[in-house]
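Some notes on the structure that comes next.
The values are calculated or read from the model by the stated rules, or taken from the named source; none is laboratory data. What you are looking at is a predicted structure, and each value in this text was computed from that prediction instead of being measured. Cβ: placed from backbone, ideal geometry, glycine included. Neighbour counts: every protein chain shown. Each accessible area value is taken on the protein alone, full model and side chains, heavy atoms only, with ligands, DNA and RNA left out. Shrake-Rupley method; radii C 1.70, N 1.55, O 1.52, S 1.80 Å.
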Amino acid sequence: MNSQHPDGSVFSNIVRAPEDPILGVTVAYNKDTSPIKLNLGVGAYRTEEGKPLVLNVVRRAEQLLVNDPSRVKEYLPIVGLAEFNKLSAKLIFGADSPAIQENRVATVQGLSGTGSLRIGAEFLARHYYQHTIYIPVPTWGNHPKIFTIAGLSVKTYRYYDPETRGLDFKGLLEDLGAAPTGAIVLLHACAHNPTGVDPTLEQWEQIRQLMRSKGLLPFFDSAYQGFASGSLDADAQSVRMFVADGGECLAAQSYAKNMGLYGERVGALSIVCKAADVASRVESQLKLVIRPMYSNPPIHGASIVATILKDSDMYNEWTLELKAMADRIISMRQLLFDTLRDRGTPGDWSHIIKQIGMFTFTGLNTEQVAFMTKEYHIYMTSDGRISMAGLSSRTVPHLADAIHAAVTRIP
Ligand SMILES: Cc1ncc(COP(=O)(O)O)c(C=O)c1O
C-alpha cells in the first residue's frame, strides 16, 4: 500500500467526466427498452426504414478497391492521398476555380470534418498573427472545444434570432463589424448546425464585403455540401464567393454526411493563399502540425472518395444518391409541418420548412424536450434540435403527438 494512493491506484482520484452532450443522447437512447423509442439526437442519415445507409456508389467503389490486386496498405504521405486532396479542392472550390488553376491552394487530408478543423486551428495558432476566432451563437458544440484546445481564443457573434427563428443578420453584422482586424471567423458553409438557418446569397455578399474590408479571415466548416439543397454546387456558393475575390480563406470538408462515410473519418483542410509559393510553404508547415498528432491519415476512406470523384459515371451516381437523401429530408420537413398543422398544434411551425439541412431547431425548451423523452421516448439534444434525417413517414406522427403534448402541457 502506498500512503498517497490508499486504495493502491494512482488513478483513484480521477473524477467522472460528463457525457458528450450530443453523443450522450445516443447513450441514453441505447438504455431505453421501449419499442417506440426514437433517436433524433445524432446527425446520421437513416433510410425510410430507419436503417443506416451505405450508398450504392460507395459499395461499388469498395468492390473496385478490394478487387484491385495492385493495391497495398503502405503508409500514405503525411498530407494524405494526393489525388484525394486535388479532387476535394475541386469539389468545394469548383473545377474552374482560379485559386486551383494558379496552384494557390494547400490541401491536406484530415480525419473527417473534426480533424480537419483541428489541423486548421493548430496551424493558425502557430502561424497566424491573430489568435481570436469568432464562432456563431449557437454553433456545433464541438467548435469551441476544438479551437480552444488548439490554442485559439474563442469569441462569439450573434447568428440566430429565437423570436423569428431565423437569422439575426443585424446582430451578425454588428458583431463582425466590431471584431478586431484580422480576427478569424468560423462560418458554416451551408446547413448551419444546429439551427438550419443560412444567410441568403445577398446576405453572404454583405458578410463577404464586411469581412474583407476589415481583413477578417474566413474559416469555413463545410460538413454538409450537397446535403442541404441536393446540389453540390449550390451548397458551395458561400465558399466560392470568398475565393472568387482573390482573398485568403480556410475550408474544412467532411465526407461523413454527403458520402455517408461517417466512421471512415475522411475529410480535408484547404488553405487558399494569394500565391503558389505561399501555398507550398503553408503545406510544409501543415505537415509539422500533422506528423506529431497522428503521423499520417488512413487510406481506405480517401481511396473510396477518390475512386468516386475521378470517374464521371460514379460521380453522377453519387450526385443522384446524394440528392435522394437531401430530398427525403426535405419531404420529412414538409410531412412534420403538415402533421402539426393538421393536429392544430399551437404556434407557428413554418420554420420547419424554412430551415435547411439535417437539423430542425424546433424552438422546444429544455423542459419540453425532457417531457418528450420521458413520456414519448424521443431523444434529442436539450436545445430542441432534432435530426430530420432520423425521421420517417412512420415516425413523424409519433413525433407530432409528442410535440403537440409538450407545447400544450408545458408552456
Ligand atoms: C457543423 C459541423 N462541423 C463538423 C462536423 C464534423 O463531423 P465529422 O468529424 O464526423 O466529419 C459536424 C458533424 O456533425 C458538424 O455538424
Failed item in (1) over 17 Å from residue 92 (Cα atoms); (2) in a loop (DSSP other than H, G, I, E, B); (3) without any contact (Cβ under 8 Å) to a residue 60 or more places away in the chain, with residue 274 passing the rest
(3)
Are any of the residues in segment 235-246 away from the ligand (no atom under 16 Å from the Cβ), open to solvent by less than 40 Å² (accessible area, probe 1.4 Å), closer than 19 Å to residue 136 by Cβ and part of a strand (DSSP E or B)?
no
May I ask you to list the residues in segment 288-317 that are assigned to a loop (DSSP other than H, G, I, E, B) and surrounded by fewer than 22 Cβ atoms within 10 Å (Cβ to Cβ)?
295, 296, 298, 299, 311
Please state which one of 410, 386 is under 26 Å from residue 228 (Cα atoms) and open to solvent by less than 50 Å² (accessible area, probe 1.4 Å).
386
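Being in a strand (DSSP E or B), crowded, with 20+ Cβ neighbours inside 10 Å and assigned by TED's automatic domain parsing to the domain that holds residue 117 is true for just one of 228, 252, 256. Which residue is that? Quick ask: steps written out before the conclusion?
Details: 228 fails: in a strand (DSSP E or B); 256 fails: in a strand (DSSP E or B).
Only one candidate qualifies: 252.
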Looking at (1) of a type outside the set (Lys, Arg); (2) assigned to a helix (DSSP H, G or I); (3) open to solvent by 20 Å² or more (accessible area, probe 1.4 Å), can you tell me which one residue 75 breaks?
(2)
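Filter segment 356-411 down to the residues that are under 21 Å from the mean Cα position of the chain (by Cα) and hydrophobic (A, V, I, L, M, F, W, C) and list them by number.
Hits for segment 356-411 are 356, 358, 359, 361, 380, 386, 388, 389, 391.
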Looking at residue 118 and the list (1) touching a residue at least 12 places away in the same chain (Cβ under 8 Å); (2) more than 16 Å from the ligand (Cβ to nearest atom), which single condition is not satisfied?
(2)
If you take the residues in segment 198-228 that are small (Gly, Ala, Ser) and within 16 Å of the ligand (Cβ to nearest atom), which one is modelled with the lowest pLDDT?
228
Listed by range, strands (runs of 3 or more DSSP E) wholly within segment 108-211 having at least 2 residues that are within 18 Å of residue 241 (Cβ to Cβ) and open to solvent by less than 10 Å² (accessible area, probe 1.4 Å) are 184-188
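From the list 317, 367, 375, exactly one residue is within 20 Å of residue 226 (Cα to Cα) and in contact (Cβ under 8 Å) with a residue 12 or more places away in the chain. Which is it?
Just one listed residue meets the conditions, 317.
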